[in-house]
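The block underneath contains the structure these notes are about, expressed in structure tokens.
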Amino acid sequence: MPFAADDSEEVVVSSLPDVLNVTSTSLRDKIVLVTVSGEIDLAGAPILADALAEVLRPPAPQLVLVDLRDVSFLDSSGINALIDAHHQALTSSAHLRICGANQAVSNPLEVMGMTDYLEIYDNRAAALADTSIG
């Protein structure tokens, strides 16, 4: 598996039962995978924002990969959480990449004009294969 963790430990960063679950896993070469499942709405966005802020706290990893393939809903509050995390990553000299954006995620991102602003990839492998870090 090309994105397998080396000596990694999966940590449930934040969770709101029946709404949103966020886990982080340290992968190879200063990469952290954040896996999100559920709805990123007014109730779930603060959970995602807090989890990403924690992952990006100094010393930040070189790359934070946010996998949204199991997200069933994304509204403007969720998009704002991703934008805030993107800004935090930039100030930490890190990269924030989004992958696995299904239609429930990609449609709102496109409507809000975020596809040219955020680093969005079809899947984990594509996000990890892009060597334009640093």
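The values are calculated or read from the model by the stated rules, or taken from the named source; none is laboratory data. As the structure is a prediction and not an experimental result, all values here were calculated from the model. Side chains are part of the model used for accessible areas, which takes the heavy atoms of the whole protein and leaves out ligands, DNA and RNA. Shrake-Rupley method; radii C 1.70, N 1.55, O 1.52, S 1.80 Å.
Computed values, structure above
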item: Among 55, 111, 19: highest mean-square fluctuation, GNM of the chain, C-alpha pairs under 10 Å; result: 111
item: Amide H contacts under 5 Å for residue 27, placed H, 5+ residues apart; result: 32, 33
item: For the stretch 95-101, 3J(HN,Hα) per residue [Karplus equation, 6.51 cos²θ - 1.76 cosθ + 1.60, θ = phi - 60°, Hz, x = Gly/Pro]; result: 10, 10, 10, 9, 9, x, 6
item: Protein-only accessible surface order, largest first, of 79, 47 at 1.4 Å; result: 47, 79
item: Rounded to 5, the percent of DSSP beta bridges in the chain classed as antiparallel; result: 45 percent
item: Per-residue ³J(HN,Hα) for the stretch 58-68, Karplus 6.51 cos²θ - 1.76 cosθ + 1.60, θ = phi - 60°, Hz, x for Gly and Pro; result: x, x, 6, x, 5, 9, 10, 9, 9, 8, 10
item: Orientation-averaged projected area, Cα convex hull of the stretch 30-85 (nm²); result: 3.4 nm²
item: Which of 18, 67, 122 is most accessible, then next, and so on - probe 1.4 Å; result: 18, 122, 67
item: Å² per residue, accessible surface of the chain at 1.4 Å; result: 51 Å²
item: Percent of Cα-Cα distances greater than 24 Å, calculated over the chain; result: 19 percent
item: Residue order for 97, 69, 124 - accessible surface, 1.4 angstrom probe, largest first; result: 69, 124, 97
item: Accessible surface of the chain [probe 1.4 Å, protein heavy atoms]: carbon and sulfur percent; result: 50 percent
item: Of 53, 43, 89, the one that fluctuates the most in a GNM where the chain has Cα springs shorter than 10 Å; result: 43
item: Kirkwood Rh, angstrom, the stretch 94-134 [1 / mean 1/r, Cα pairs]; result: 10.7 Å
item: Rounded to the nearest 10 Å², the accessible area of residue 110 at probe 1.4 Å; result: 110 Å²
item: The chain, relative contact order in percent, only Cα pairs under 8 angstrom and at least six apart counted; result: 21 percent
